[in-house]
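To start, the structure itself, in structure tokens.
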Ligand SMILES: C[S@@+](CC[C@H](N)C(=O)[O-])C[C@H]1O[C@@H](n2cnc3c(N)ncnc32)[C@H](O)[C@@H]1O
């Protein structure tokens with residue numbers, strides 16, 4: 001079995017359960033890309049749950065739609081993110097939101113908008129799971145190049161989240177296995193900032 005298949009069918013679902021996702025949950029995967037976390041999450045939540053796969057790239061959304069049909073994942077809902085980053089999802093709809101390997105694409109103002117939108121659509125007590133990549137001490141790139149993991153935690157907690165734990169996990173990055181930090185934050189406060 002190749003690495004991607006193994007991740008999507010075995011190690012990915014195990015990881016998704018480890019961060020607290022369960023059968024029947026509603027999950028929002030912001031910046032879903034090729035679905036390396038969307039598909040394992042869809043396996044774990046099963047038909048009783050739903051995974052909203054969000055991206056601002058039309059091609060990505062088209063491909064994820066195709067993968068969902070091919071893999072019979074009727075519980076994946078692909079959605080295109082507009083320029084203003086308003087997510088068009090109902091308030092309090094999600095148990096868990098994923099922000100995986102995407103923060104470095106966003107400027108500070110955009111990141112704050114995304115945190116606020118995820119805060120709005122999460123249930124009270126919902127979880128925000130973040131896989132920060134390309135920050136200062138991790139092959140720095142783009143908007144996170146001057147920030148370290150503590151700065152990222154600080155900026156997210158300002159919006160109404162509390163850090164629950166930090167894990168160091170075997171993950172899938174781009175085309176292969178990699179290890180990285182996973183931040184788990186819990187929504188605090190009923191209203192957004
Ligand atoms: C490096 S990929 C990560 C994909 C996936 N989360 C993973 O970890 O495998 C980053 C994704 O974020 C998307 N992205 C970048 N800026 C975005 C924005 N403003 N709104 C939504 N998605 C965005 C990109 O199109 C890309 O698919």
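Only the coordinates and a few stated rules stand behind these numbers; no lab work does. Remember, it's a predicted structure, so these values are computed and weren't measured experimentally. Here Cβ is always computed from backbone atoms with ideal geometry, including for glycine, and neighbour counts include all displayed protein chains.
Remarks
- Any chance residue 187 is under 17 Å from the mean Cα position of the chain (by Cα), under 25 Å from residue 26 (Cβ atoms) and buried (at least 21 other Cβ atoms within 10 Å of the Cβ): yes
- Only one entry of 52, 105 meets the criterion of being within 13 Å of the ligand (Cβ to nearest atom) and buried (at least 20 other Cβ atoms within 10 Å of the Cβ), and that entry is 52.
- Residues of the stretch 55-75 that turn out to be near the ligand (Cβ under 8 Å from one of its atoms) and either over 23 Å from residue 130 (Cα atoms) or assigned to a loop (DSSP other than H, G, I, E, B) (or both), as a count: 2
- Filtered residues of the stretch 108-135 (kept if crowded, with 17+ Cβ neighbours inside 10 Å, more than 29 Å from residue 170 (Cβ to Cβ) and within 14 Å of the ligand (Cβ to nearest atom)): 112, 113, 117
- Taking the conditions (1) within 16 Å of the ligand (Cβ to nearest atom); (2) surrounded by fewer than 23 Cβ atoms within 10 Å (Cβ to Cβ); (3) over 11 Å from the mean Cα position of the chain (by Cα) in turn, residue 7 satisfies each one other than (2).
- Checking each residue in the stretch 24-40 for being more than 11 Å from the ligand (Cβ to nearest atom) and either without any contact (Cβ under 8 Å) to a residue 60 or more places away in the chain or out of contact with any helix residue (DSSP H, G or I) (no Cβ under 7 Å at 6 or more places or on another chain) (or both) picks out 24, 26.
- Condition check for residue 92: touching a strand residue (DSSP E or B) at 6+ places or on another chain (Cβ under 6 Å), farther than 30 Å from residue 5 by Cβ and either free of Cβ contacts under 8 Å to residues at least 40 places away in the same chain or near the ligand (Cβ under 9 Å from one of its atoms) (or both): yes
- Scanning the stretch 14-23 for residues that are assigned to a helix (DSSP H, G or I) and within 14 Å of the ligand (Cβ to nearest atom) returns 15, 16.
- Any hit, the stretch 151-170, residues being surrounded by 14 or more Cβ atoms within 10 Å (Cβ to Cβ) and part of a loop (DSSP other than H, G, I, E, B): yes
- Residue satisfying condition, being closer than 30 Å to residue 10 by Cβ, part of a loop (DSSP other than H, G, I, E, B) and in contact (Cβ under 8 Å) with a residue 24 or more places away in the chain, within set 125, 138: 138
- Scan the stretch 1-28 for residues that are in contact with a strand residue (DSSP E or B) (Cβ under 9 Å, 6 or more places away or on another chain) and closer than 24 Å to residue 166 by Cα and the total you get is 15.
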